[in-house]
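First the structure, which I've put down as structure tokens, then a few questions once you've had a look.
The values are calculated or read from the model by the stated rules, or taken from the named source; none is laboratory data. This one's a predicted model, so the numbers in the text were calculated from it and none came from an experiment. Note that each Cβ is placed from the backbone with ideal geometry, even for glycine, and that neighbours are counted across all protein chains shown.
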Amino acid sequence: MKARSVSGSFQAHHGRTHLKSVGAEGALSTITPYGLPQKWSRAVHDHPSDVDGFLYMSRHVNTEEALVVFERARKKLTLKDAVSFLDYPHAARVMKSFNIHPF
């Protein structure tokens, strides 16, 4: 799968290119409403480099990257060892970190 990182810089063919050089900035992943980020997503989707998705800085967990996967990557992905979220060994920690109280 081919993906680009847009969390401050994105992977170019040779090294890293900062968002500034493509007319963007880090606020792109946190701006609301989502009209502008959706336009950028469409532009990346339609770009001739034909990437399968991209990484960006998560709006809600700003210490982690989030992944957008375009539909064209579907054939390249397989599901392996899936478990329900509540059976996930770290589910309680994740819910606590997001202040989620399921019961």
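Taking the condition touching a residue at least 24 places away in the same chain (Cβ under 8 Å) and either part of a helix (DSSP H, G or I) or surrounded by 10 or more Cβ atoms within 10 Å (Cβ to Cβ) (or both), does Val51 pass?
Spelling it out, Val51 is indeed touching a residue at least 24 places away in the same chain (Cβ under 8 Å) and either part of a helix (DSSP H, G or I) or surrounded by 10 or more Cβ atoms within 10 Å (Cβ to Cβ) (or both).
From Val6, Val22, Val44, grab the single residue that is at pLDDT 80 or above, touching a Phe, Trp or Tyr at 6+ places or on another chain (Cβ under 9 Å) and either of a type in the set (A, V, I, L, M) or surrounded by fewer than 10 Cβ atoms within 10 Å (Cβ to Cβ) (or both). Working first, answer last.
Working: Val6 fails: at pLDDT 80 or above; Val22 fails: at pLDDT 80 or above.
That would be Val44, the only listed residue that is at pLDDT 80 or above, touching a Phe, Trp or Tyr at 6+ places or on another chain (Cβ under 9 Å) and either of a type in the set (A, V, I, L, M) or surrounded by fewer than 10 Cβ atoms within 10 Å (Cβ to Cβ) (or both).
Okay, next question. Hey, can you tell me all the residues within the stretch 65-89 that are in a loop (DSSP other than H, G, I, E, B), surrounded by 10 or more Cβ atoms within 10 Å (Cβ to Cβ) and not hydrophobic (A, V, I, L, M, F, W, C)? Walk me through how you get there before you give the answer.
Narrowing the stretch 65-89 to residues in a loop (DSSP other than H, G, I, E, B): 70, 77-84, 88-89.
Retained after the next criterion (residues that are surrounded by 10 or more Cβ atoms within 10 Å (Cβ to Cβ)): 70, 77, 88.
Residue satisfying the conditions is Tyr88 alone.
Tell me the residue from Asn99, Asn62 that is over 20 Å from the mean Cα position of the chain (by Cα), assigned to a loop (DSSP other than H, G, I, E, B) and either on the phi > 0 side of the Ramachandran plot or surrounded by 10 or more Cβ atoms within 10 Å (Cβ to Cβ) (or both), please.
Step by step, each of Asn99, Asn62 is checked, and only Asn99 is over 20 Å from the mean Cα position of the chain (by Cα), assigned to a loop (DSSP other than H, G, I, E, B) and either on the phi > 0 side of the Ramachandran plot or surrounded by 10 or more Cβ atoms within 10 Å (Cβ to Cβ) (or both).
Let me ask another. Please count how many residues of the stretch 54-70 are in contact with a Gly (Cβ under 9 Å, 6 or more places away or on another chain), within 12 Å of Ser29 (Cα to Cα) and either touching a residue at least 60 places away in the same chain (Cβ under 8 Å) or among the β-branched types (Val, Ile, Thr) (or both).
Of the residues in the stretch 54-70, 2 are in contact with a Gly (Cβ under 9 Å, 6 or more places away or on another chain), within 12 Å of Ser29 (Cα to Cα) and either touching a residue at least 60 places away in the same chain (Cβ under 8 Å) or among the β-branched types (Val, Ile, Thr) (or both).
Among the listed residues Lys80, Lys75, Lys39, which satisfies the condition of being charged (D, E, K, R), within 17 Å of Val22 (Cβ to Cβ) and out of contact with any Leu (no Cβ under 6 Å at 6 or more places or on another chain)? Full working, then the answer.
Working: Lys80 fails: within 17 Å of Val22 (Cβ to Cβ); Lys75 fails: within 17 Å of Val22 (Cβ to Cβ).
After applying the criteria, what remains is Lys39.
Here is a follow-up. Kindly check whether there is at least one residue in the stretch 50-60 that is at pLDDT 90 or above and among the basic types (Lys, Arg).
Looking through the stretch 50-60, none of the residues is at pLDDT 90 or above and among the basic types (Lys, Arg).
Next up: Return a yes/no flag: does the stretch 71-88 have any residue that is in contact (Cβ under 8 Å) with a residue 24 or more places away in the chain and of a type in the set (A, V, I, L, M, F, W, C).
Yes.
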